[in-house]
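Asks: Got a structure for you, questions after.
None of the figures in this text is laboratory data; all of them are computed from the coordinates on show. Please read all numbers here as calculations on a predicted model, not as lab measurements. Here Cβ is always computed from backbone atoms with ideal geometry, including for glycine, and neighbour counts include all displayed protein chains.
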Amino acid sequence: MSEKRVCVAFGTRPEAYKMGPVVLALREQPGIEPVLLVTGQHREQLLDSLALFDLVPDADLAVMTERQSLPELLARIVPAAARELKRMEADYVLVHGDTLTTFAVALAAFYERIPVAHVEAGLRSFDLAQPFPEEANRRLTDVLTDLDLPPTPWAMENLLREGRPRETMFVTGNTVVDAVEFARARSKAPAWLPSGPLVTLTMHRRENLPVMRELAAALARVARQFDTFSFVYPMHLNPAVREAVEPELAGIPNVLLCEPLGYLEMLGLLNASELIVTDSGGIQEEGTALGKPVVVLRNVTERPEGLEAGSLRLAGNDPARVYETVARLLEDGRERAAMRPSHNPYGDGQAGRRIAAAVAWRLGLADRPEEWMPGTPEAAGQA
């Protein structure tokens with residue numbers, strides 16, 4: 001019997017390092033030949049994550065242009081992905097998470113009548129505007145899938161409430177835990193970091209752009225007040241982010257604005273930090289996996305397991321509230337220490353193996369494997 005060709009598709013750096021463990025596990029799964037399709041939604045950052053897992057794309061759509069709109073990007077990915085999936089003769093497609101690449105490739109596969117599995121299915125903020133457009137991307141993707149792969153029982157319950165069939169659903173744990181465990185021993189904080197306590201800052205979400213300059217001003221106020229801490233901000237490549245952030249944070253002696261870091265350096269920076277302040281979804285998970293307290297610059301999170309475990313603190317995107325939340329945690333080391341999770345609510349480092357086994361089961365190559373079931377956390381802070 002010939003091997004089944006499973007196309008693993010993604011386009012951004014977070015997708016790449018979260019899907020890296022899946023590709024490695026698929027390579028070890030009898031009867032499966034993994035092939036890799038990237039859209040190039042990120043470019044330089046994507047290449048870094050591919051190198052970490054020694055991955056070479058079989059096809060690169062190279063779709064991204066500067067300041068491209070979401071409709072333009074969708075219109076480029078769907079036909080290009082459809083052509084490549086046909087050329088690859090893919091038997092199955094794996095997409096991840098909530099990017100535009102996720103939905104666009106899933107839609108292309110659906111039109112080509114190729115079954116799709118969705119890794120990290122079922123995350124929900126219950127608000128289409130937050131995060132935008134990710135909440136819509138993941139909901140639309142879950143309408144098209146043959147196999148749903150929710151990372152946690154909470155995500156599974158969201159899918160069940162939406163009428164998704166339990167028999168084609170498989171709880172895996174989150175592959176970010178696999179990636180952190182794979183990379184942690186290889187990670188190294190940048191040599192240029194100052195001595196003393198560090199705070200990592202990141203902001204890039206589209207829904208925060210209207211208030212990003214005000215948020216940066218609030219963080220500048222914190223930095224000036226707590227000048228024994230160094231604040232390190234690897235800036236997103238989006239010009240709109242830089243135009244909002246640089247006027248407020250540039251020139252403050254204990255604030256270091258730098259270019260995006262490679263994954264290993266970024267993981268080293270997070271691991272060296274006393275506190276992480278971010279609007280990123282993935283960094284919420286990575287910070288928790290590293291045992292770090294994380295302040296979330298969003299009004300809702302689709303990762304409530306970290307709220308339940310105590311590692312996440314929602315600050316919203318009101319500048320006054322952000323200032324108060326971050327300042328309070330920097331003032332009180334005991335409160336920061338209390339946020340360090342006693343367990344990882346997101347997974348056990350075996351998600352990639354479970355996903356590969358679930359795909360093999362769905363393709364008729366193996367029996368249904370065991371799921372990851374740590375117990376369902378309450379959706380703290382969710383509507």
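Asks: First measure r as the distance between the Cβ atoms of Asp60 and Leu365, then evaluate 1/(1 + (r/R0)^6) with R0 = 25 Å and state the FRET efficiency to the nearest 0.05.
Replies: Rounded to the nearest 0.05, the efficiency is 0.30.
Asks: Please compute the contact order of the chain in relative form: average sequence separation of alpha-carbon pairs under 8 Å and at least six residues apart, divided by the residue count, as a percent.
Replies: Relative contact order, the chain: 17 percent.
Asks: Right, next: Total Lys pairs in the chain closer than 26 Å by alpha-carbon, pairs eight or more apart in sequence or interchain only?
Replies: 6
Asks: Sticking with this structure for a sec: Modelling each spin label as a point 7 Å along the Cα-to-Cβ direction, I'd like the Arg328/Ala136 distance in nm, to one decimal.
Replies: With each label placed 7 Å out from Cα toward Cβ, I get 3.4 nm.
Asks: While we're looking at this one, here's another question. List the GluC sites (Glu not before Pro) in segment 21-129 that DSSP assigns to loop (not H, G, I, E or B) and whose Cβ has at most 12 other Cβ atoms within 10 Å. Which are they?
Replies: In loop regions of segment 21-129 (DSSP not H, G, I, E or B), the sparsely surrounded GluC sites (Glu not before Pro) are Glu28, Glu66, Glu89.
Asks: Quick one: what do you get for segment 264-383 if you divide its Cα Rg by 2.2 N^0.38 Å?
Replies: 1.24
Asks: Rounded, prolate or oblate, given the Cα gyration tensor of segment 198-338, with a/c below 1.5 counting as rounded?
Replies: It is rounded, given that a/c, with a ≥ b ≥ c, falls under 1.5.
Asks: For segment 1-80 and segment 145-199, what is the separation of their C-alpha centers, rounded to whole Å?
Replies: The two parts, judged by their Cα centres, are 17 Å apart.
Asks: Once you order the gyration tensor axes a ≥ b ≥ c over the Cα atoms, which shape class does segment 32-72 get: rounded for a/c under 1.5, otherwise prolate or oblate by comparing a/b with b/c?
Replies: Oblate, since a/c reaches 1.5 and b/c is not below a/b.
Asks: Also, quick follow-up: Apply the a/c threshold of 1.5 to the C-alpha gyration tensor of segment 182-265 and tell me whether it is rounded, prolate or oblate.
Replies: It comes out oblate by the Cα gyration axes.
Asks: How far is it, in nm, from the label point at Val143 to the one at Ala337 when both lie 7 Å from their Cα along the line to the Cβ?
Replies: The answer from the label model is 5.1 nm.
Asks: Give me D for the chain in µm² s⁻¹, whole number, from Stokes-Einstein with Rh from the Kirkwood sum over alpha-carbon pairs, 37 °C and 0.692 mPa s.
Replies: 156
Asks: While we're looking at this one, here's another question. Work out the FRET efficiency for Gln225 and Arg87 from their Cβ-Cβ distance, taking R0 = 56 Å, and round it to the nearest 0.05.
Replies: The calculated FRET efficiency here is 0.45.
Asks: Shifting gears a bit: If R₀ is 45 angstrom, what is the calculated FRET efficiency for the pair Ala191 and Glu162, using the beta carbon separation as r and rounding to 0.05?
Replies: E between Ala191 and Glu162, to the nearest 0.05, is 0.40.
Asks: Could you check which residue among Trp154, Trp361, Trp372 shows the biggest mean-square fluctuation in a GNM of the chain with a 10 Å Cα cutoff?
Replies: Greatest mean-square fluctuation among the candidates belongs to Trp361.
Asks: In degrees from 0 to 90, rounded to the nearest 10, what is the angle of the helix 351-362 Cα long axis to the longest principal axis of the chain?
Replies: With rounding to tens, the tilt is 20 degrees.
Asks: For a quick check: sort Asp91, Asp54 by the number of other beta carbons within 10 angstrom, fewest at the front.
Replies: The fewest-first ordering by Cβ neighbours comes to Asp54, Asp91.
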